[in-house]
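Everything on this sheet refers to the single structure shown next.
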Amino acid sequence: MDIILEILVYGAVQSAVYALLALGFCLIFGVAGVVNLAHTSFFMIGAYLIYTLTSMADIGLPLALVFAILGTGAIGLLLQNYAVRPLIKSEYSVMMITIAVAFFIQELVLSIYGPVDRNVKGFIDEKLTVFGVVDIDAQRILTLVVAIFLIILLWLFINRTKLGNAMMAVAQNRDGAIFVGINPTRIFLVCMFISACLAAVAGAFIAPTVGARPHMWEHPLVRCFAVVVLGGLGSLEGTILAALIIGYTEVIVSFTLSSYLSELVILGIFMTVLIVRPSGLMGRRSEV
């Protein structure tokens, strides 16, 4: 019984982090059709900015978090405006420039901070006992709560605001959106800003538990891509469902078999779903 409760708790945390990362990736693809392979570098930037602001600049955590999120969002705007926008008609060119940007950011981080992992101060240092038996860092629980809150907020933004409706209109029919006065370039910038901010939040909140590392963007990129493709490219609901499947699968296999086998099992699920349903679990190309 104890191991089941541990799987429930740790699986929820893992899934929430993957969902938070993948939703930003999904959003920019669903609206702009951009496969941003630099997306998880925003995750790394968020982690290093929170480390720099708290440990080196001695800024309080709440203010440092705001600066880290806005700073990463600004970098996302620069990427969209100066690297992605000129090449947006060529999917392959966009993929190449974004992966090049990701490696550039990695090398920049290495040159500034070096290859050593950096310990990041946590928002909460205590441990909690969940269900009376599962001991877990309070920081992880906080990450779960923040992720759920942001996922709900993103859904409300897309479905209940004028700007969100404009994003859906661009995703469904770009020419029609232009006809009714919506500026797709502006919408793409908004999507990239939100995408970068979501990744920064994930990086800032997970960094206290795993540290800030120069290569920390690589593994999440594979997971992020798997979640988005498995859920259905452009589907927010499918992305959340796929994040739950992959997050819990990883935890279940790690607890019951071996962490080394989790990659194999996840890839098996990934290939099986795509063979049976190539569009993903809930995929529709035009859906936000």
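May I ask you to derive the FRET efficiency for Leu63 and Ile99 from their Cβ-Cβ distance with R0 = 25 Å, giving the value to the nearest 0.05? Don't skip to the end; give the middle numbers.
Details: r = 33 Å, r/R0 = 1.31.
Efficiency, from the Cβ-Cβ distance: 0.15.
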Under 5 Å, built H, 5+ apart or other chain: amide partners of Asp117: none
Farthest positive-ward along the chain dipole, Cα basis, beta-carbon charges - from Met44, Gly211, Ser195: Ser195
Relative contact order for region 147-239, counting Cα pairs under 8 Å that sit 6 or more residues apart, in percent: 11 percent
Virtual paramagnetic centre 7 Å along Cα→Cβ of Glu91, amide N under 15 Å, in region 232-247: 232-235
Table column - 3J(HN,Hα) (Hz), region 184-199, Karplus curve with 6.51, -1.76, 1.60, x for Gly and Pro: x, 4, 5, 5, 4, 5, 4, 4, 5, 4, 5, 4, 5, 5, 4, 5
Straight-distance crosslink candidates among lysines, where the alpha carbon sits under 29 Å from Lys89 and sequence neighbours closer than 8 are dropped: Lys162
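Normalised by the residues of region 33-192, what does the relative contact order come to in percent, with Cα pairs under 8 Å and at least six apart?
On the way: 115 pairs, mean separation 34.3, N = 160.
Reported as a whole number, the value is 21 percent.
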Test item: Cα-centred dipole of the chain, Lys/Arg +1 and Asp/Glu -1 on Cβ, debye: 960 debye
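For the chain, with all protein chains present and a 1.4 Å probe, just round the carbon and sulfur fraction of the accessible area to a whole percent. Provide the component values of the computation, followed by the final result.
Numbers: 9210 of 13520 Å².
Whole-percent figure for carbon plus sulfur exposure: 68.
How large is the charge dipole for region 16-132, taken about the Cα centre, if only the Cβ atoms of Lys, Arg (+1) and Asp, Glu (-1) carry charge, to the nearest 20 debye? Before the final figure, lay out each step's value.
Details: 5 positive and 6 negative charges, 48 e Å.
That gives region 16-132 a dipole magnitude of about 220 debye.
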Structure-based [θ]222 nm, the chain - -39500 (n - 2.57) summed over DSSP H runs of at least 4, per residue, nearest 500: -24000 deg cm²/dmol
For the chain, built as a Gaussian network whose Cα springs stay under 10 Å, the top-fluctuating residue of Gly181, Gly203, Gly114: Gly181
Length added when fully stretched, Leu267-Trp155, from 0.36 nm per residue minus Cα-Cα: 37.5 nm
Set of region 45-81 residues, backbone N closer than 11 Å to the point 7 Å along the Cα-Cβ line of Asn119: none
Of Val133, Val13, Val35, the one that fluctuates the most in a GNM where the chain has Cα springs shorter than 10 Å: Val133
Pairwise FRET efficiency - Leu274 versus Asp135, Cβ, R0 = 41 Å, nearest 0.05: 0.65
Hz values of 3J(HN,Hα) by residue in region 16-25 - Karplus curve (6.51, -1.76, 1.60), Gly and Pro given as x: 5, 5, 5, 5, 4, 5, 6, 5, x, 4
Residue-by-residue Karplus 3J(HN,Hα) for region 58-64, coefficients 6.51, -1.76, 1.60, Hz, glycine and proline x: 6, 9, x, 4, x, 5, 4
Nonlocal amide H pairs with Val130, under 5 Å, H built at 1.01 Å: Asp135, Ile136
Charge dipole (the chain, unit charges on Cβ, about Cα centre) - positive-most of Ser254, Val133, Gly24: Gly24
Region 131-170-region 22-65 distance, computed between alpha-carbon centres (Å): 15 Å
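The values are calculated or read from the model by the stated rules, or taken from the named source; none is laboratory data. Since the model is a prediction, treat every value here as computed from it, not as a measurement. When we count neighbours, we look across all protein chains shown, and the Cβ atoms used for this are built from the backbone with ideal geometry, even at glycine. Please note that ligands, DNA and RNA were not included when accessible areas were found on the heavy atoms of the full protein model with its side chains. Shrake-Rupley method; radii C 1.70, N 1.55, O 1.52, S 1.80 Å.
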